[in-house]
Amino acid sequence: MSFAPLLSASPVVQLHAAAALGAFGLGAYQMASRKGMRGHRRAGWVWVVLMGVVALSSLGIVSSRPWIGPLGPIHALSALTLMTLPLAVIHARRGRIAGHRRAMMLLFFIGLVLTGAFTLIPGRLMHQVVFGSSIGLGT
């Protein structure tokens, strides 16, 4: 494991990675902790902010591949996240706990776990961070 590729990345990529890692850790804690208490609500607001930063910063991470365009399919998940976050908060504030739970779990598992798994594909920055250089891909 080497943080050198991440440390040499652009500030928006660094912000995105830091917010995603923070959201992942806090989200895992939230799912394991007692619900409805003041601590859960406070940590939940921090998680919402972190997820907003993850989604918004992802829009600043674009590809230079002209045949695909600057935005990829993963950016659609950013839009989904930005629409689902307020919906999840509204569910909680209106006492619709099942809807809140579904929305938050969707955000965690699709917005963090699934997309995080895609970052580990050879040739991607986080693959280089976790596994070292991408062997066989010329990078």
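The values are calculated or read from the model by the stated rules, or taken from the named source; none is laboratory data. Small disclaimer: the values here were computed from a predicted structure and weren't measured. Because the Cβ atoms are built from the backbone with ideal geometry, glycine has one as well, and the counts that use them run over all protein chains shown. Surface accessibility is based on the protein's heavy atoms, side chains included, excluding ligands, DNA and RNA. Shrake-Rupley method; radii C 1.70, N 1.55, O 1.52, S 1.80 Å.
Odds and ends about this structure:
- Residue check for Arg34: part of a helix (DSSP H, G or I) and open to solvent by 50 Å² or more (accessible area, probe 1.4 Å): no
- Enumeration of residues in segment 78-134 that are polar (S, T, N, Q), within 17 Å of Ala9 (Cα to Cα) and assigned to a helix (DSSP H, G or I): Gln128
- Among the residues making up segment 114-131, those that are open to solvent by less than 60 Å² (accessible area, probe 1.4 Å), free of Cβ contacts under 8 Å to residues at least 40 places away in the same chain and not small (Gly, Ala, Ser) are Thr119, His127.
- Where Met104 falls short, out of the listed (1) open to solvent by 60 Å² or more (accessible area, probe 1.4 Å); (2) under 16 Å from the mean Cα position of the chain (by Cα): (1)
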